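The values are calculated or read from the model by the stated rules, or taken from the named source; none is laboratory data. The structure displayed is predicted, hence computed values, not measured ones. Heads up, the Cβs are rebuilt from the backbone with ideal geometry, glycines too, and the neighbour counts pull from every protein chain shown.
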Amino acid sequence: MGKVLLVVSLLVVAAAAGRFDRSIFTSRTRRHASMRCCNDGFDKSEVHAKFAEIKEGCVTELDLAEVPHEELFKNHEHLHCITECIVKKEGIADENGALFHTDLASAVEQHMSSVEWKVPLVAGFVKQCFDQVDEKHSGFAPTEEAKCNPEGFEFVVCLWRHFTLACPEEFRDDSEKCTELREKLTNNESLAELESDVDVAE
């Protein structure tokens, strides 16, 4: 698999432009319907389906297949480890899980070039997210409490946030829940109250 498909896999959430979908990191039966706040159709793409296969391999490899759904998504360490597994397996991060910026940025821009409304936004969003991740996690070293590098996961969440807020009006869901979500993202507020409906970077 080339780096473009890998990156697309990692950015399914971000590239989907603002939808929370439990199918991204789990194939288990969902208790809640997913909440899509930007309906541009990306969730029906072939890339989305292929990502599920990659992800399942990492979930199995990390012995997380039997972890209850709620526990899996409330524990960000699990999500960090799943994302780190994917980026390391596909050669887009070093042995410590640190992202290769040049390769990742190029692949993201190449993929987004097929989505007209994202084209003028992607380079700026990628730079902002790299800056944010570097500021928070540069020099990461694993510990007993944090075994996996959070860079990949937080990069995805950062891009997802930017694209959620930039979603064009014609794709935007203006339901009460989605309006509340956008307000919280705009104000950098906790999404805890929405966790029964959404999961960051699923």
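Key figures for this structure:
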quantity: Residue 87 on the phi < 0 side of the Ramachandran plot, surrounded by fewer than 21 Cβ atoms within 10 Å (Cβ to Cβ) and among the aliphatic types (A, V, I, L, M); calculated: no
quantity: Near pairs, Cβ below 6 angstrom, 6+ apart or cross-chain, from segment 110-123 (β-branched (Val, Ile, Thr) and at pLDDT 90 or above) to any residue that is surrounded by 13 or more Cβ atoms within 10 Å (Cβ to Cβ) and in a helix (DSSP H, G or I); calculated: 122/109; 122/112
quantity: The lone exception for residue 67 - which of (1) in a loop (DSSP other than H, G, I, E, B); (2) modelled with pLDDT of 90 or more; (3) aliphatic (A, V, I, L, M) it fails; calculated: (2)
quantity: Unique match (being at pLDDT 90 or above, surrounded by 13 or more Cβ atoms within 10 Å (Cβ to Cβ) and within 14 Å of the chain's Cα centre (by Cα)) among 163, 171; calculated: 163
quantity: Residues of segment 174-192 satisfying the condition of being of a type in the set (Ser, Thr, Tyr) and either at pLDDT below 90 or within 19 Å of the chain's Cα centre (by Cα) (or both); calculated: 186, 190
quantity: Residue 158 vs. criteria touching a residue at least 24 places away in the same chain (Cβ under 8 Å), under 18 Å from the mean Cα position of the chain (by Cα) and part of a loop (DSSP other than H, G, I, E, B); calculated: no
quantity: Residue count, segment 87-140 (criterion: assigned to a helix (DSSP H, G or I) and of a type in the set (Phe, Trp, Tyr)); calculated: 3
quantity: Enumeration of residues in segment 139-158 that are surrounded by fewer than 23 Cβ atoms within 10 Å (Cβ to Cβ) and of a type in the set (Asp, Glu); calculated: 144, 145, 154
quantity: Odd one out for residue 127 among (1) of a type in the set (D, E, K, R); (2) loosely packed, with under 13 Cβ neighbours inside 10 Å; (3) more than 17 Å from the chain's Cα centre (by Cα); calculated: (3)
